[in-house]
Amino acid sequence: MNKTDLKSLSEEELKEGLKRIGEEPYRARQIFRWLYKTSVRSFDEMTDLAKESREKLKTKFHITHLVTLDSKRSKLDGTTKYLFKLEDSNTIETVFLPEKSRTAICLSSQVGCKYGCSFCASAPFGFVRNLLPSEIIDEVLAVRRENPRAVLTNLVFMGIGEPFDNYYNVMKAVRIFNDEDAFNIGARRITISTCGIIPGIERLGGEGLQVELAVSLHSADDRVRSELVPINKKYPLKDLIGACKKYIDKTNRVITFEYILIKDVNSSRADAIQLARLIKGMKCKVNTISYNQIKAKGYNPPSRAQTAVFLNTLRDSGINAISRKSKGEDIDAGCGQLRISEL
Ligand code: SF4
């Protein structure tokens with residue numbers, strides 16, 4: 001008999017599952033706490049459940065966990081990239097980002113990705129499958145296990161995969177991250193980053209969750225953006241910006257536009273002026289980050305001076321723009337670098 005994947009259940013679904021096997025629904029809260037606050041990996045460790053209940057639970061539910069195959073820690077900033085093995089032997093990468101003011105985990109949402117962004121190291125490997133809610137949750141549990149003293153403050157869906165291409169499972173995991181009996185991470189501390197999947201932006205706008213939305217823009221010119229982010233051919237800038245405006249109107253939340261600066265591609269003063277025109281008046285901010293050099297991609301980062309001109313041009317136009325420092329570049333854990341090399 002196939003067992004139910006325990007960590008892919010919401011608390012309500014677990015209550016229903018418990019009722020069906022004759023267990024008290026309130027035990028769902030206990031089980032959630034054991035799984036997500038204490039990070040146990042077996043029912044035997046849930047010591048406040050009667051032995052008989054534990055045995056019954058074992059026959060009906062399965063508790064997944066990831067196996068750490070390898071890790072690399074940055075000498076520059078302590079960023080650590082993990083290579084995890086899933087139960088079907090597929091692998092994913094997850095990045096731990098400790099900083100002074102916050103500690104974040106950068107999560108993958110899929111095994112591989114189908115979107116083929118030209119600057120992205122994940123793209124050439126293609127798409128394999130969506131991650132289950134339990135597997136996304138296991139990324140956090142595994143990183144927490146590796147870093148037991150870290151106080152986790154933020155989660156960002158910016159690893160491998162397009163979160164809106166795995167919408168249901170990602171949102172299910174987000175709700176468990178947010179659940180006070182589980183991880184109790186405030187929705188505002190969870191960021192979902194999309195390459196511009198309009199139906200996902202529309203759905204998120206109706207969720208009633210205060211998660212942060214980041215949209216990878218990378219150019220305000222359809223021709224250039226279609227080269228960098230091919231899904232732009234399906235969801236061109238006019239439609240994408242329209243969807244973002246509707247999202248802001250509906251949620252009253254700020255959107256972050258992510259913008260990877262690439263020399264001679266999208267980082268000139270003229271590019272900044274075009275970007276400022278495109279997003280002027282929107283409740284948004286722009287996070288720029290210099291391209292991380294990936295061999296064989298043929299792109300280069302702009303100089304510091306070019307970056308400064310780009311940022312100042314945006315700011316002069318009234319756009320809130322910051323330059324984000326890429327983390328873990330020496331271990332290929334920076335933006336767009338996951339899967340560049342074997343760990
Ligand atoms: S940047 Fe994101 S959406 Fe684009 S190919 Fe890479 S993982 Fe996929």
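The values are calculated or read from the model by the stated rules, or taken from the named source; none is laboratory data. Being a predicted model, the structure only gives us computed values, none of them experimental. Cβ coordinates were reconstructed from backbone atoms using ideal geometry, including for glycine residues, and neighbour counts include every protein chain displayed. To get the accessible areas, we keep the full protein, side chains included, count just its heavy atoms, and leave off ligands, DNA and RNA. Shrake-Rupley method; radii C 1.70, N 1.55, O 1.52, S 1.80 Å.
Give the residues of the range 115-164 that are in contact with a Phe, Trp or Tyr (Cβ under 8 Å, 6 or more places away or on another chain), of a type in the set (Asp, Glu) and crowded, with 17+ Cβ neighbours inside 10 Å, sorted by residue number.
Asp138, Glu139, Glu162
Between Arg253, Arg269, which is open to solvent by 50 Å² or more (accessible area, probe 1.4 Å) and among the charged types (D, E, K, R)?
Criteria check complete, one pass: Arg269.
Anything in the range 100-111 that is buried (at least 20 other Cβ atoms within 10 Å of the Cβ) and either over 19 Å from Ile260 (Cβ atoms) or in contact with a Phe, Trp or Tyr (Cβ under 6 Å, 6 or more places away or on another chain) (or both)? List them, or say none.
Ile105, Leu107, Ser109, Gln110, Val111
Residues in the range 38-84 that are assigned to a loop (DSSP other than H, G, I, E, B) and either under 23 Å from Asn184 (Cα atoms) or open to solvent by 70 Å² or more (accessible area, probe 1.4 Å) (or both): how many?
Counting residues in the range 38-84 that are assigned to a loop (DSSP other than H, G, I, E, B) and either under 23 Å from Asn184 (Cα atoms) or open to solvent by 70 Å² or more (accessible area, probe 1.4 Å) (or both) gives 15.
Sort out which residues of the range 256-274 are in a loop (DSSP other than H, G, I, E, B) and over 20 Å from Cys117 (Cβ atoms), and write them in order of number.
Within the range 256-274, just Ser268 meets the criteria.
Tell me the residue from Gly200, Gly206, Gly186 that is closer than 22 Å to Gly126 by Cα and out of contact with any Gly (no Cβ under 8 Å at 6 or more places or on another chain), please.
Gly200 is the lone residue from the list that is closer than 22 Å to Gly126 by Cα and out of contact with any Gly (no Cβ under 8 Å at 6 or more places or on another chain).
In the range 280-336, what residues are modelled with pLDDT under 90 and among the acidic types (Asp, Glu)?
Matches in the range 280-336: Glu329, Asp330, Asp332.
Tell me the residue from Arg253, Arg277 that is modelled with pLDDT of 95 or more and assigned to a loop (DSSP other than H, G, I, E, B), please.
Result of the check over Arg253, Arg277: Arg253.
Given the residues Asn292, Asn300, Asn287, Asn320, which is the only one that is within 20 Å of Cys120 (Cβ to Cβ) and without any contact (Cβ under 8 Å) to a residue 40 or more places away in the chain?
Asn300
So which strands (runs of 3 or more DSSP E) are wholly in the range 100-145 and hold at least 3 residues that are under 19 Å from Ala214 (Cβ atoms), more than 13 Å from the ligand (Cβ to nearest atom) and in the same structural domain as Lys85 (by TED's automatic domain parsing)?
103-106
Could you tell me whether Arg188 is under 26 Å from Ser323 (Cα atoms) and of a type outside the set (A, V, I, L, M, F, W, C)?
Spelling it out, Arg188 is indeed under 26 Å from Ser323 (Cα atoms) and of a type outside the set (A, V, I, L, M, F, W, C).
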